[in-house]
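These notes are about the structure you will find just below.
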Amino acid sequence: MNLFKIIDSYHFKLKFIILKIVFLLSFLLFISRFPTVYGDSEEAYLLIDPPAYVAEEIGEVYVISVNISNVKNLYEAYFTLAYNVSFLDAITVSQGSFFPELQSHFDFKIDGLSGLIEVNLSLTNSSVSLNGDGSLVKITFEVTQNSTTCAYSTLNFKEILLLNSESTSISCQSVEAVVFWKSIYDPYMEGSFLDIYTQKAGKGPGELGGTFWVSEVIYLFSEVKYNNWSVPQQMVAFQVINPYGETILVRTAITDQEGIANISFRIPPLIKSIGVWTVISTVSLAQNVIWDITVFEVRSVPTVGGNILPIKYETNNYSRVGNTALYLVAVLTLTLFYTMAMRRRKTQVAS
């Protein structure tokens with residue numbers, strides 16, 4: 001009995017298997033493009049992007065964006081951001097894209113002695129209130145590092161006030177940031193606990209996150225506790241850094257009832273993906289910035305007799321394009337094979 005006779009007798013079963021494979025590929029494509037977020041919230045969120053940064057030299061320029069997300073009916077935003085003047089010098093503050101420049105008022109004040117930046121944004125009387133996500137302001141710092149004992153400096157919101165069109169306060173959470181000097185430093189903070197790990201490994205202080213292959217999907221988990229109690233409905237930031245020190249991903253997620261936030265992403269199919277990756281997670285608890293790190297290794301896809309390097313293609317949207325290409329190739333191959341089998345069956349029947 002040849003191959004086509006086998007297919008002829010089991011063509012319905014083959015069709016079912018193909019449909020299952022197509023469904024699985026569709027599911028993998030979906031989870032690789034979107035983060036998995038546990039928990040829903042009606043609150044707005046302020047996020048400092050990037051959540052973490054490593055300064056290498058004095059005079060280095062460091063730029064952050066204060067972003068807002070999940071906000072509804074926003075008419076005015078005011079906040080005060082504190083920074084360490086022995087580590088950073090605030091240079092400029094510019095308006096972001098969330099408030100339209102021609103339909104808003106923008107004011108800021110830098111207090112270089114106390115290390116405070118005040119920002120006020122409001123719409124004009126004729127403007128419609130704002131919803132969604134976007135950048136409020138961009139702030140440029142210069143690294144001064146006057147203190148040789150300063151291993152890191154946090155950026156903290158001292159005051160946040162969001163108002164809707166009726167001048168009513170909008171509930172808000174925030175995730176702040178940390179700037180390191182030369183290397184990442186992980187201090188102990190009394191009462192606060194944050195642990196980041198992958199689906200393979202990394203639970204506990206100083207544990208590695210495991211080994212992955214190029215194009216594999218990684219799930220990142222960040223567990224938040226305060227005084228040994230799980231903290232639900234808390235926004236957590238994830239920052240993923242490739243072996244070349246480039247931040248390729250900044251995402252946020254909300255902790256579930258167990259105090260765990262989770263995102264997922266697919267490792268880009270690029271040669272530069274091979275090596276040791278670093279993931280930093282940050283959260284704001286009791287007016288402090290808490291963070292944890294883990295590292296994991298990425299290897300090329302293994303084959304019999306050696307290794308094959310990943311496909312090298314560069315694009316600004318490599319995850320979506322790469323995943324879609326793999327998906328289409330698989331679907332077209334399976335469809336072609338099934339069509340050939342059906343044509344062979346019809347030919348045999350006709351003869």
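If you take the beta carbon distance between Ser165 and Ser97 as r and set R0 to 25 Å, what does 1/(1 + (r/R0)^6) give as a FRET efficiency, to the nearest 0.05?
Once the sixth-power term is evaluated, E becomes 0.80.
Using packing as a proxy for protection, rank 123-130, 237-244 so that the peptide with the highest average count of other Cβ atoms within 10 Å comes first. Intermediate values should be presented prior to the final figure.
On the way: 123-130: 12.9, 237-244: 19.5.
Sorting 123-130, 237-244 by mean packing, highest first, produces 237-244, 123-130.
Would you please put 216-223, 101-108 in order of how densely packed they are, using the mean number of other Cβ atoms within 10 angstrom per residue and starting with the highest?
In decreasing order of mean packing, 216-223, 101-108 become 216-223, 101-108.
Using a 7 Å offset from the Cα along the Cα-to-Cβ direction at both His105 and Tyr185, what is the distance between the two label points in nm, to one decimal?
Label-label distance for His105 and Tyr185, simple model: 4.1 nm.
Looking at this model, which pairs from Lys138/Lys203; Lys138/Lys200; Lys200/Lys225; Lys72/Lys203; Lys138/Lys225; Lys72/Lys272 are more than 29 angstrom apart at the alpha-carbon?
Numbers: Lys138/Lys203 35 Å; Lys138/Lys200 37 Å; Lys200/Lys225 21 Å; Lys72/Lys203 37 Å; Lys138/Lys225 31 Å; Lys72/Lys272 40 Å.
Checking Cα-Cα distances, Lys138/Lys203; Lys138/Lys200; Lys72/Lys203; Lys138/Lys225; Lys72/Lys272 exceed 29 Å.
Just report the Cα centroid separation between the range 66-131 and the range 229-306, whole Å.
28 Å
Once Rh is set to the Kirkwood radius over Cα pairs, what Stokes-Einstein translational diffusion coefficient, in µm²/s, holds for the range 42-185 at a temperature of 20 °C and a viscosity of 1.002 mPa s?
Here the translational diffusion coefficient equals 137 µm²/s.
Could you grab the relative contact order for the range 42-185? Cα pairs under 8 Å, six or more apart, rounded to a whole percent.
Result for the range 42-185 is 40 percent.
Here, each number is a calculation from the coordinates, and none is a lab measurement. This is a predicted model, so every value here is computed, not measured. All Cβ positions, even for glycine, are placed from backbone atoms using ideal geometry, and neighbour counts span all protein chains on display.
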